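Each value in this text was obtained by applying a stated rule to the coordinates, not by laboratory testing. Note that the structure is predicted; figures quoted are calculated from it, not measured. All Cβ positions, even for glycine, are placed from backbone atoms using ideal geometry, and neighbour counts span all protein chains on display.
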Amino acid sequence: MDALTILLVVVALLLAGGYFWYVSLIRRRNGAREALSSIDVQLRKRHDLLPNVLKLAGRFMAHEKALLEEIVRLRSEAMQGYRPEVPEEVKAHLEAEAALQAAAGRLMVAVEQYPELRSVETMTEAQQTFTEVEGHIAAARRFYNAAVTDLNNAVEIFPGSLIANIAGVRRMPFFEIEEAARAPVNVDDYLN
Amino acid sequence: MPQLASLEKRFPDLAGFDTFHARRIAPELAALEERRRSLISRMGQSGFIAAAAVAGAVWLHFSGATAWAIAPLVVAVLSAIYAFKCYGDLRRGFKDVLVRAVCEFFGLEYAAEPGSGPLHWFRELSLLPDYDRSTLEDRVAGRHREVALDVVEAKLEERRTRSSKSGSKTYYVTVFRGLLGQFDFPKRFQGRTIVKTDRGGALNWFQGFATPGERVRLEDPRFEDAFEVWSSDQVEARYLLTPAFMERLLALDGHFGGGAITLGFDAERLLLAARLRRNLFEGGSIFAPADDPKRIEGIVAELALLFEVVDTLQLQLKTRI
């Protein structure tokens, strides 16, 4: 076998390897986007639920006007469109959702201070549905974060970084819960 | 019954069992003990007759009257059959009286011979190995902590054929022995999720072929080491298998000795197949006195295994997260 044949075989192997790496990168990116769309399906449930909760809460929770207004603002921010292929827009979208989740969580804790509101059957059902929806969102977030970890590892590890650069495949942001939602609730704030 | 007091300490759900025992079980046990003594005496007599008949047959054979040896052999076989019948009657008696009564105390229904049972559900989700013959017994159904449960003991066998010069021989090999349980699950879901024991590289690959759904990789490394998960819905699988629930499943796997459980989530139910090495709900040895407290202790411990599924997995919680 002469040197030229060897060179051609090596180049062919490199091209084939590069192609398979490219295919795997695109698969992972599409997997992450699919996971992102499954988050959106679950987030839409939260968006649909909140107006009813806010309407009901507004009748009883006069002292929480600021919180209710904040939730309305965050909801409209979170509902704004974004392009899934632009990581910066995805990040902004997920941050808006995380902020909305934290505020909605605060609202559900605040509801506990209003026994009249709690005794309304619609509110009890809304709270249960909210808990269920949050469970689905948490599951979708875990699915999305697993897909993003897969993609980001492939994009960052050489030679994936090289191929990703050529193919225009970029890292995607994780869906992280806002610090406020992670922090323990100060019961005194609500029991005074 | 003083011995039951110590049992109540170990199993708090047994509070009030003493009174129940005195009222419901003790009279039946007294009758059963009388029957036990009588049947054991008959078994002894049958055994003695069978042994004497065999000895007679051997003596006739060596005396050159082999043709006459058939008669004592027939007597030996009939005596042995009668002894086995007595043994079977006693065992069924203990099951009927003791297991049924203890189940009744816990508000559960008991059936020694459950009929066809739930095998088709387990088969549909490929939770069981392939089998050709099934034997079901000891069905326990009812509620524990408001969670509906329906559990049956199963023995599944596969037919195999061995070929040799003298021809082929068919025989059966046990491929599963243990509990098949259906439990209410507190979350609403629509897809199917299956959790199987991790068997290692190539075997997992083969398991994947036989299991419906897409492989789900979860973030808990301990859980991933112990189990393999498939589901028709990736998000729903994670909704069911939360980090807390994964911990509980690992704990439950520990209760059953590790690597012994397979689960399916379908139609808002949890299906559990747990391999066990021993036969449950037998009511103890027929040679021990009927009122031996170890009998009750054994049955309670076996029922506790079923309750363990509900308690360890906290199926009674309606948090939905």
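Shape class of chain B from the alpha-carbon gyration tensor: oblate, with a/c at 1.5 or above and b/c at least as large as a/b.
Could you tell me which residue out of A:Ala103, A:Ala164, A:Leu50 lies farthest along the dipole of region A:3-191 toward its positive end? Charges go on the beta carbon: Lys and Arg +1, Asp and Glu -1, centred on the Cα centre. Sorting the options by dipole projection puts first A:Ala164. Can you give the relative contact order of chain B as a percent, counting alpha carbon pairs under 8 Å and 6+ residues apart? After rounding, I find 17 percent. Separation of region B:256-274 from region B:181-216 is 9 Å, based on Cα centroids. Give the residues of region B:39-57 whose amide nitrogen is closer than 20 Å to a point set 7 Å from the Cα of B:Asp89 in the direction of its Cβ. From region B:39-57, the list is B:39-51. Distance between the 7 Å Cα→Cβ label points at A:Ala92 and B:Tyr171: 7.4 nm. Against the main long axis of the alpha-carbon atoms of chain B, helix B:293-313 sits at an angle near 20°. Mind running the shape call on the protein assembly as shown? Use the C-alpha gyration tensor, a ≥ b ≥ c as the square roots of the eigenvalues: rounded below 1.5 for a/c, prolate if a/b tops b/c, oblate otherwise. The shape class here is oblate. Counting only lysines at least 8 places from B:Lys187 when in the same chain, those with an alpha carbon closer than 20 Å to its own are A:Lys45, B:Lys318. Amide H to amide H distances under 5 Å link B:Asp266 with B:Leu271, where only residues 5 or more positions off or on other chains count and H is placed in the peptide plane.
A Cβ-based charge dipole, computed about the Cα centre of region A:3-191 with Lys and Arg at +1 and Asp and Glu at -1, lands at about 720 debye. Across chain A, Cα pairs under 8 Å and at least six residues apart give a relative contact order of 34 percent. Centroid-to-centroid, using Cα positions, region A:53-128 and region B:140-165 are 49 Å apart. Under a model in which nothing but the beta-carbon of Lys, Arg (+1) and Asp, Glu (-1) is charged, chain B shows a dipole of about 900 debye around its Cα centre.
Remark: spin-label model distance B:Glu33-B:Ser232 equals 5.6 nm, labels positioned 7 Å along the Cα→Cβ axis. Projecting the Cα atoms of A:Ile26, A:Met123, A:Ala62 onto the charge dipole of chain A, computed from C-beta unit charges around the Cα centre, puts A:Ile26 farthest toward the positive end. Put a plus charge on the Cβ of each Lys and Arg, a minus charge on the Cβ of each Asp and Glu, and nothing anywhere else: the dipole of the protein assembly as shown about its Cα centre is then about 1760 debye. For chymotrypsin sites (Phe, Trp or Tyr not before Pro), the sites in region B:248-321 that DSSP calls loop and that have at most 14 other Cβ atoms within 10 Å are B:Phe287. Please label the shape of region B:37-127 as rounded, prolate or oblate, based on the square roots a ≥ b ≥ c of the eigenvalues of the alpha-carbon gyration tensor (a/c under 1.5 means rounded; beyond that, a/b larger than b/c means prolate, else oblate). Oblate, since a/c reaches 1.5 and b/c is not below a/b. Once backbone amide H atoms are built at 1.01 Å from N, B:Ala148 has B:Asp184 as its partners under 5 Å, excluding neighbours fewer than 5 places away on the same chain.
For A:Lys91, a cut-off of 15 angstrom between C-alpha atoms picks up these aspartates and glutamates, skipping any fewer than 8 places away in its own chain: A:Asp40, A:Glu77, A:Glu176, A:Glu178. Extending 7 Å from the Cα toward the beta-carbon at both A:Met108 and B:Arg275 defines two label points whose distance is 4.0 nm. Helical runs assigned H by DSSP (4 residues or longer) give chain B a calculated mean residue ellipticity at 222 nm of -14000 deg cm²/dmol, each run adding -39500 (n - 2.57) before division by the residue total.
Distant-in-sequence amide contacts of B:Glu228, defined by a placed amide H-H separation under 5 Å and a gap of 5 or more residues or a different chain, comprise B:Lys196, B:Thr197, B:Asp198.
Per-residue ellipticity at 222 nm computed for chain A from its helices equals -27000 deg cm²/dmol, with DSSP H segments shorter than 4 residues left out and the rest contributing -39,500 (n - 2.57).
Mean partner shielding of peptide B:229-236, defined as the number of other chain Cβ atoms within 10 Å of each residue Cβ, is 4. The lysines within cross-link reach of A:Lys65, meaning a Cα-to-Cα straight distance under 16 Å and a gap of 8 or more places when in the same chain, are A:Lys55. The trypsin sites (Lys or Arg not before Pro) of region B:222-296 that DSSP puts in a loop, and whose beta carbon has at most 10 other beta carbons within 10 Å, are B:Arg277, B:Arg278. In chain B, a dipole from Cβ-located charges (positive for Lys and Arg, negative for Asp and Glu) runs towards its positive end, and of B:Phe189, B:Leu241, B:Ala55 it is B:Ala55 whose Cα lies farthest in that direction.
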